[in-house]
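Remarks on the structure that follows.
The values are calculated or read from the model by the stated rules, or taken from the named source; none is laboratory data. Just so we're clear, the structure is a prediction, and the values are computed from it rather than from any experiment. Heads up, the Cβs are rebuilt from the backbone with ideal geometry, glycines too, and the neighbour counts pull from every protein chain shown.
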Amino acid sequence: MINKEKWAEVVKDFQEKELPEIYPREIKIDFEKPIQRTISIIGPRRCGKTYEMFYLCKQIARRYGKDQVLYVNFERADLGVLSYSDLVNMLDTFYELYPQNKNRRLWLFLDEIQNVSGWEKFVRTVLDEGIKVFISGSSSKLLTKEIATSMAGRNLPYMLFPFSFREFLGIKKFEIKKFYSSSEKALLINLLQEYMIYGGYPETIIYKEEREKILKDIFDTAIYKDVIERGKIRNMAVLKMLINALLSAKEFSINKFYNYLKSRGIKVGKNVLYNYIELLNDAFFVFLLKKFSPSYKKAEQSLPKIYFIDNGLLIINGINDKGRLMENLVFVELLRRNLDIAYYQNIRKQEVDFVVKKGKKVEQLIQVCYDIEDFVTKEREVKALIEASKELRCDNLLVITQDYEAEEKIKGKKIKFMPLWKWLLE
């Protein structure tokens, strides 16, 4: 157990720390809301969760004073392995340092809380004492039914992603308007190309010269800490082969990958492979998009399409196909908008990139097409969209393009063509 002297050091370190200037993100978290629920900020490693906490800490400090705020990062190397009793000791130490807070409002910020065993019990206890609690984590386990059950339904999650294009433009000091001059639009398109290639991790936007090194570090750290270390993985060679297969795959079959390993004399169980995939997904590293089907069983058994949390992770691994980068960017934006999505493929293998659903109803069909100027490409993409429109009974049809904008009526169906930059700024 950590002694009170060490906890006093941790508390005082934060009180003496000058919080950095922070660009406000698009998610709006109300620290004043009188609600007895934990506010959880969930998202991939290095997407800005800590800075979002600092932003909230600054807002509270301005209004109430910094001594009513306690922030702890549980990835501090000097804290080691922690448990419930350590958290109790931490709060006791805080009250000894600031006894006046016993009768005042208090905000607790617990960063990367998944590193502490038994944290749920502590959080439930302090919530009952009227303390406002904010937690963060790089694991989607914080969103699962198990956590919801252990928190007795007292968790309010906020998902944080790498910067959106709108946030990216804000950092670049580009003013978003309704109309642009030709020079402004040229700059906007140029910035979109940068964003599409290098993605939206905050550090890569700020430190342009070092961004490839930063992206490699994010990639390696996420794999090591959030997958290998957390999953206690021993067969790192197979994990590396799996990641390479996911990077190069449009659709992914564990059966095919298992047979491939078997053909090379590599013995590994299918359940192990499923576990590796789950760990990558839990770390918000890889996403598997299921095929649309009215049957839940068929949807679950379908071959998923593979997407990554940020285009920068594709680029540093040699994936520079602009069509794939554009589609990956759209996928992440749809996630950011909290939409329920799938892809669609009919028996003739005609495919629609994204089906936006609400319950069982299909609300929109989206194709992503980088090279719409090519006649053959346009004909193929539009034909698949029209067929899906008939089969799924949806007339809200959208093609996201590189820079083509129009509304066309094709075979009795109205199709909207919208440039990627305009769709991202909707």
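Checking each residue in the stretch 268-317 for being under 18 Å from the mean Cα position of the chain (by Cα) and among the β-branched types (Val, Ile, Thr) picks out ILE277, VAL286, ILE306, ILE309, ILE315.
Quick check: anything in the stretch 40-63 among the aromatic types (Phe, Trp, Tyr), surrounded by fewer than 21 Cβ atoms within 10 Å (Cβ to Cβ) and within 24 Å of ASP128 (Cα to Cα)? No; the residues of the stretch 40-63 include none that is among the aromatic types (Phe, Trp, Tyr), surrounded by fewer than 21 Cβ atoms within 10 Å (Cβ to Cβ) and within 24 Å of ASP128 (Cα to Cα). Taking LEU424, is it touching a Leu at 6+ places or on another chain (Cβ under 7 Å) and at pLDDT 95 or above? So LEU424 fails the test.
Can you spot a residue in the stretch 136-158 that is farther than 25 Å from GLU32 by Cβ, among the charged types (D, E, K, R) and touching a helix residue (DSSP H, G or I) at 6+ places or on another chain (Cβ under 9 Å)? Yes: one or more hits.
Residues of the stretch 217-273 that are touching a Pro at 6+ places or on another chain (Cβ under 9 Å) and within 25 Å of ASN115 (Cα to Cα): ILE218, ALA222, ASP226.
For the stretch 103-120: of the residues being in a helix (DSSP H, G or I), touching a helix residue (DSSP H, G or I) at 6+ places or on another chain (Cβ under 9 Å) and of a type outside the set (Phe, Trp, Tyr), which is surrounded by the most Cβ atoms within 10 Å (Cβ to Cβ)? Out of the qualifying residues, it is ILE113. The residue of the stretch 255-294 that is surrounded by the fewest Cβ atoms within 10 Å (Cβ to Cβ), among those that are small (Gly, Ala, Ser) and either at pLDDT 95 or above or under 20 Å from ASP310 (Cβ atoms) (or both), is GLY265.
For the stretch 121-141, the tally of residues that are surrounded by fewer than 21 Cβ atoms within 10 Å (Cβ to Cβ) and either closer than 16 Å to PRO44 by Cα or not small (Gly, Ala, Ser) (or both) stands at 10. Going by the conditions given, is ILE22 β-branched (Val, Ile, Thr), in contact with a strand residue (DSSP E or B) (Cβ under 7 Å, 6 or more places away or on another chain) and not in a helix (DSSP H, G or I)? Taking the combined requirement at face value, the residue does not satisfy it. In the set (1) touching a Lys or Arg at 6+ places or on another chain (Cβ under 7 Å); (2) part of a loop (DSSP other than H, G, I, E, B), the condition left unmet by GLU52 is number (2).
Consider the stretch 173-191 and keep the residues that are in contact with a Leu (Cβ under 9 Å, 6 or more places away or on another chain) and part of a helix (DSSP H, G or I). The one that is farthest from LYS208 (Cα to Cα) is LEU188. Taken over the stretch 411-426, the criterion of being part of a strand (DSSP E or B) and more than 24 Å from PHE292 (Cα to Cα) is satisfied by PRO419 alone. Every test in (1) more than 25 Å from SER138 (Cα to Cα); (2) surrounded by 13 or more Cβ atoms within 10 Å (Cβ to Cβ); (3) polar (S, T, N, Q) is passed by ASN311 save one, and that test is (1).
Residues of the stretch 263-305 that are basic (Lys, Arg) and outside any helix (DSSP H, G or I): ARG264, LYS267, LYS290, LYS291, LYS305. Among the residues of the stretch 158-177, how many are at negative phi and either surrounded by fewer than 19 Cβ atoms within 10 Å (Cβ to Cβ) or hydroxyl-bearing (Ser, Thr, Tyr) (or both)? Total satisfying the criteria: 11.
Of the residues making up the stretch 147-178, those that are more than 19 Å from the chain's Cα centre (by Cα) and of a type in the set (Ser, Thr, Tyr) number 2. In the condition set (1) under 25 Å from ILE189 (Cβ atoms); (2) surrounded by fewer than 21 Cβ atoms within 10 Å (Cβ to Cβ), GLU379 is compliant with all but (1). Of all the residues in the stretch 195-211, those that are assigned to a helix (DSSP H, G or I) and surrounded by 14 or more Cβ atoms within 10 Å (Cβ to Cβ) number 9.
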